[in-house]
Every structure is written in C-alpha cells, then in structure tokens.
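Notes follow once the structure below has been shown.
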Amino acid sequence: MESKIQNVAYELAGMIYGISLDGHVNKNEYDQLKAWCTNHEHLCEMEEFKSLHEQINPIIQSGVVTSEEIEDLKEILDNFLEKTGPKDEKKLNMFFLQGLFEGILSSGEVNTYEVYKLNQWIQKNEHLKNQKPFDELYGMIGQVLKNHRISDEDGVKLKSFFSEMIAKTKAS
C-alpha cells in the first residue's frame, strides 16, 4: 500500500506542476485538484497518507488556490515524497507524467506557453529520453515547437496523446 501512496503523491506532484505551468489556477484546474483530494480520501485510513491529506486538503478546499499556495503544495509534497522510502523511479515518473498531463488538460486547452514549460521539464529530465512514453513525448514536443506556436491541429494531437498516456497509466 505504501507504493499506492507514492503513486498518488507523484500523480498530485505532476498535476500541480502541470497546473502551475501557465502561472495561474483556473476553475477547471481547481476542480481537478479538489477531485484528486476527494478521490483519494479513502487512503486516509493509512496514517502516512492521512498526514499528507490533512496538510493539502485545507489549501485545496478553501475555494481558490493562489500561486503562493501552489508553491506551498509543492513544498508539502516534496517533504512528503522525501520520506516515503525506496522508489521505483520509472514507475513514479509515469505517475508524475500522468499528473502533469492531467494538470495541463484540466485547463481545457494546451497553449504554447505550457508546451514551452513542458519542454523545459523534458530538458531537465533528459535521462528519461529513451524510455516509453517519454521518447514519444520528446519527439512530439520537438515537432510542435518547430513553428514556435501551437496550431489547433497540434493542440488536438497533444490532448489526444496526453489522454492516451493517462489512460495507460491508470490501467497499469
């Protein structure tokens, strides 16, 4: 069950990262965070998760999540994840990526700024370049950024790819 806690915490970390890419939290993104808290509340029967949930839930349930609170959430999660023990890096990267995609998609659109910020994350995590689905993501983001802006067609392709990857991660 500790693995489950790590997975959902990494998913939330990715989601927060994805939501924060454009610098503000809109209603859909807020609703996504709120749904995460509700969907994982059952894990509070485990003391380790209960402690995390008790720290993040009041911030998320307040009705608005500010950019300062996003930074607070990131810090809370960083501290929590530091304590969770041994990690299966590849699997946890997938949950982070799933959350990141959920965060980006929750705004309802994929914009050029978000893709540039996603590209920065990709560059920082170049060690993932040869792993599936990161290899596909590298190629797709590189292709999309050739024109320095996201076309409607690119947005549709990215949304489809992100949704497909979320579904695959949830199924595994």
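Extent of segment 39-154 along each principal axis, from alpha carbon coordinates, in Å, largest to smallest?
Sorted largest first, the three principal extents are 48, 35, 22 Å.
Could you work out what % of the accessible surface of the chain is carbon and sulfur, using a 1.4 angstrom probe and leaving DNA, RNA and ligands out of the count?
Percent of accessible area from carbon and sulfur atoms in the chain: 49.
Please list, by residue number, everything in segment 155-172 whose backbone N is under 17 Å from a paramagnetic label point 7 Å out along Cα→Cβ of H42.
It comes to 170-172, nothing else.
Helix 67-83 versus the longest principal axis of the chain: what is the Cα-based angle in degrees, 0 to 90, to the nearest 10?
70
Taking 0.36 nm per residue of separation and subtracting the Cα-Cα distance, what length does fully extending A167 through N79 add?
28.9 nm
Taking 0.36 nm per intervening residue step and subtracting the Cα-Cα distance, what contour gain separates L145 from N130 on full extension?
3.4 nm
Using a 10 angstrom cutoff on alpha carbons, build the Gaussian network for the chain and name the most mobile of M94, M140, M15.
M140
Let me check against my output: what whole-number percent is the relative contact order of the chain, with C-alpha pairs under 8 Å and at least 6 apart?
Relative CO of the chain lands at 34 percent.
Residues of segment 62-172: accessible area per residue at 1.4 Å, in Å²?
56
Quickly estimate the mean residue ellipticity at 222 nm for the chain, helices only: each DSSP H run with n ≥ 4 gives -39500 (n - 2.57), and the total goes over all residues, rounded to 500.
That comes out to -24500 deg cm²/dmol.
Apply the Karplus curve 6.51 cos²θ - 1.76 cosθ + 1.60, θ = phi - 60°, to the phi angles in segment 124-135 and return the couplings in whole Hz, x for Gly and Pro.
5, 10, 4, 4, 8, 3, 9, 9, 6, x, 4, 4
The values are calculated or read from the model by the stated rules, or taken from the named source; none is laboratory data. Here the structure is a predicted model, which means the values were calculated and not measured. Please note: Cβ atoms are built from the backbone with ideal geometry, for glycine as well, and neighbour counts cover all protein chains shown. These accessible areas exclude ligands, DNA and RNA; they are computed on the full protein's heavy atoms, side chains included. Shrake-Rupley method; radii C 1.70, N 1.55, O 1.52, S 1.80 Å.
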